[in-house]
Amino acid sequence: MTTNSGSFRDPFGCILTKDGEIYRSIFPPGVEDFKAARDAGVYDKLIGANLLVSHQEVAIENWAPEETVYCLKHPRLPFISYPWEWCFSMLKDAAILHLEIMEELVADGFWLRDASAFNIQYDGERLRLIDTLSVGQRIADSPWVAYGQFCGHFLAPLAAAAYRDIRTLSLWRNYIDGYPLDLASGMLPLGKRLRPGLLMHLTLHSRAQIMADRKEDIGKGDRSAGKPKVSDRGLIGLINSLRKTVKGINWKRSSEIWEGYQEIRTYQDEDVAKKSEYVDNVVKRLEPEMVWDLGANTGEFSLIAASEGAFVVSIDGDPACTEFLYQHISRSDSIKNILPLTMDLANPSPALGWDSRERLSLRERGPADLVLALALIHHLVLSAYVPMPLIAQWFGGLGNHLLVEFVPPSDPMVKKLLANRGEEHLPYSLDVFQSDFGNVFNFIDQISLKNGRILFLCERKKK
């Protein structure tokens, strides 16, 4: 049995893993709210509306923490992702999901006492709330206790990404407890900062926080003094105002290079068809449950793997590409089992939080059954300056099987990367590739395309 390293902050319970199954222990401080929500049918209502991950009460075993009063069993999620990896629309949808749940709860005398973006995950069908214990009984006439957290986890990063630069979403790595509202507000153009919803929930909210902090610093009072009373009607009004503000924040997706990749890549139709067929055959042959598509672009091969039943984590460094793929699967009625994530593969998500254990690195969330690395290695070697042996070792730690594409030095894309470099660039050739990857993997199959590119199917060597 292992305790989830990200749940230690919760006094109401913790997440446990036992024999691959996911459990939640509920501690004495969380019992009253859990029983109230259960007996009022709140959990059933949210689960039935596809808003909350399901659970079942199970017997408390001897491996559970001593203070456990109730034990729940949850379905295992295929992959845990974090907000700094999400595309714009996924973060926006997670924000709206929080507000939909709040509206459902207030009518029954409950609310969300926690509005963390980390409480939302994609389960292969849709986004759902995964923190059962964030549902609590509403404190009568109290302002929403998680209002500030909602603004820091959703409103601030969305506004900064849409109206300043989409790359500001990477600030999540530094501010895993939510964006400072004054920082986000200060990044916005004046006209956006003064828009009615953003003026209220971001600009004026950040100023109120600063004033409250100053009063505390000089001993003039505390934040609990003089809290306004908020009725259920007033709380619903706040929810509607936040929803309208969030829905009104839009990012205009643009990527001159990668979204037009179909027009610039060095493939003839015959090569594209042959490559796609080979990827499909490999997936059918291996029958992987989990595929990581690294450098996925707009997800052309992610879609092939997903069509064969695999859950695909589709990773690309361009937020426009992951946004495109997320929008595609969101509109699809057939293929949902793809999770698009934005990540610089030369600087992949590290372990973060307390003791670097609260949020897991990309590697710690593996291994995958199959890793796709199609038209990726030349970028890592020639753009990111990562030596070939280190790339091979890294792939060896990510998955059991690897389908990798070698792009020869004669390829126009490689020549373009080398155009402004002298002879001092890192060694890059087919012999170097086969030697370095051969130290980590066994080559079990390969095909060559007319354009000179070669696809290799590899299996990690046994240690």
Within the range 47-62, the residues that are within 11 Å of Ile130 (Cα to Cα) and in a helix (DSSP H, G or I) are Ile47
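Looking only at the range 440-463, filter to residues that are in a strand (DSSP E or B) and among the polar types (S, T, N, Q); which one of those is nearest to Gly396 (Cα to Cα)? Let's see the steps before the verdict.
Initially, the range 440-463 is screened for residues in a strand (DSSP E or B), giving 441-448, 454-460.
The next check asks that each one be among the polar types (S, T, N, Q); those that pass are 442, 446, 448.
Numbers: Asn442: 11, Gln446: 18, Ser448: 23 Å.
Result: Asn442.
Could you list all residues from the range 424-438 that are of a type outside the set (A, V, I, L, M) and under 17 Å from Leu380 (Cβ atoms)? Give the derivation first.
As a first pass, look at the range 424-438 and keep what is of a type outside the set (A, V, I, L, M): 424-425, 427-429, 431, 433-438.
Scanning the range 424-438 gives His425, Pro427, Tyr428, Ser429, Phe433, Gln434, Ser435, Asp436, Phe437.
Matching residues to (1) within 30 Å of Gly234 (Cβ to Cβ); (2) touching a Lys or Arg at 6+ places or on another chain (Cβ under 6 Å); (3) among the aliphatic types (A, V, I, L, M):
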| residue | (1), (2), (3) |
| --- | --- |
| Lys35 | yes, no, no |
| His55 | no, no, no |
| Val58 | no, yes, yes |
| His74 | no, no, no |
| Lys92 | yes, no, no |
| Ile101 | yes, no, yes |
| Tyr122 | no, no, no |
| Ala140 | yes, no, yes |
request  = Consider Ile60 carefully, then state whether it is farther than 30 Å from Ala156 by Cβ and of a type in the set (A, V, I, L, M, F, W, C).
outcome  = yes
Scanning the range 99-132 residue by residue, the ones that are among the acidic types (Asp, Glu) and in a loop (DSSP other than H, G, I, E, B) total 5
- Message: Residue under question is Leu133, and the condition is that it be modelled with pLDDT of 95 or more and in contact with an Asp or Glu (Cβ under 8 Å, 6 or more places away or on another chain); does it hold?
- Response: yes
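In the list Ser185, Ser170, which residue meets the criterion of being under 16 Å from Thr245 (Cβ atoms) and of a type outside the set (A, V, I, L, M)? First the steps, then the outcome.
Details: Ser170 fails: under 16 Å from Thr245 (Cβ atoms).
Result of the check over Ser185, Ser170: Ser185.
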Checking Leu188, Leu155, Leu181, Leu199 in turn, the sole residue that is surrounded by fewer than 19 Cβ atoms within 10 Å (Cβ to Cβ), more than 12 Å from Pro83 (Cα to Cα) and not polar (S, T, N, Q) turns out to be Leu199
Residue count, the range 133-157, condition part of a helix (DSSP H, G or I) and either among the small types (Gly, Ala, Ser) or within 12 Å of Ala117 (Cα to Cα) (or both), comes to 11
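Going residue by residue through the range 340-359, is there one that turns out to be over 30 Å from Phe8 (Cα atoms) and either at pLDDT 95 or above or not hydroxyl-bearing (Ser, Thr, Tyr) (or both)? Break it down stepwise before answering.
Just the residues of the range 340-359 that are over 30 Å from Phe8 (Cα atoms), to begin with: 346.
With either at pLDDT 95 or above or not hydroxyl-bearing (Ser, Thr, Tyr) (or both) added as a condition, the list becomes 346.
Within the range 340-359, one or more residues are over 30 Å from Phe8 (Cα atoms) and either at pLDDT 95 or above or not hydroxyl-bearing (Ser, Thr, Tyr) (or both).
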Condition set of a type in the set (D, E, K, R) and either closer than 30 Å to Ser361 by Cα or part of a helix (DSSP H, G or I) (or both), scope the range 170-209, selection farthest from the chain's Cα centre (by Cα): answer is Arg207
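For the range 326-360, what are the residues that are of a type in the set (Gly, Ala, Ser), free of Cβ contacts under 8 Å to residues at least 60 places away in the same chain and exposed (fewer than 15 other Cβ atoms within 10 Å of the Cβ)? First the steps, then the outcome.
Narrowing the range 326-360 to residues of a type in the set (Gly, Ala, Ser): 330, 332, 334, 346, 349, 351, 353, 356.
Filter once more, keeping what is free of Cβ contacts under 8 Å to residues at least 60 places away in the same chain: 332, 334, 346, 351, 356.
Passing the criteria: Ser332, Ser334, Ala346, Ser356.
Please indicate, with yes or no, whether at least one residue in the range 47-60 is β-branched (Val, Ile, Thr) and more than 22 Å from Arg76 (Cβ to Cβ).
Here is the first cut: in the range 47-60, the ones β-branched (Val, Ile, Thr) are 47, 53, 58, 60.
Then drop every residue that is not more than 22 Å from Arg76 (Cβ to Cβ), which leaves none.
There is no residue in the range 47-60 that is β-branched (Val, Ile, Thr) and more than 22 Å from Arg76 (Cβ to Cβ).
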Looking at this structure, is Gly6 assigned to a loop (DSSP other than H, G, I, E, B), under 19 Å from Val135 (Cβ atoms) and not hydrophobic (A, V, I, L, M, F, W, C)? yes
Matching residues in the range 296-325 (touching a Ser or Thr at 6+ places or on another chain (Cβ under 7 Å), surrounded by fewer than 23 Cβ atoms within 10 Å (Cβ to Cβ) and polar (S, T, N, Q)) number 0
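Out of all the residues in the range 360-372, is one or more part of a helix (DSSP H, G or I) and either of a type in the set (Asp, Glu) or farther than 15 Å from Glu85 by Cβ (or both)? If you could, list the steps in order and put the result at the bottom.
We begin by selecting, within the range 360-372, every residue part of a helix (DSSP H, G or I); these are 363-365.
Cutting the leftovers down to either of a type in the set (Asp, Glu) or farther than 15 Å from Glu85 by Cβ (or both) gives us 364.
Yes.
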(message) Looking for something modelled with pLDDT under 95, surrounded by 13 or more Cβ atoms within 10 Å (Cβ to Cβ), among the aliphatic types (A, V, I, L, M) and assigned to a helix (DSSP H, G or I) - is there at least one such residue anywhere in the range 417-439?
(response) yes
**Q.** Test for Pro65: is it surrounded by fewer than 17 Cβ atoms within 10 Å (Cβ to Cβ) and part of a loop (DSSP other than H, G, I, E, B)
**A.** yes
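The values are calculated or read from the model by the stated rules, or taken from the named source; none is laboratory data. Just so it is clear, the model here is predicted, and its values are computed rather than measured. A quick note on method: Cβ atoms are made from the backbone with ideal geometry, for glycine too, and the neighbour counts reach across all protein chains shown.
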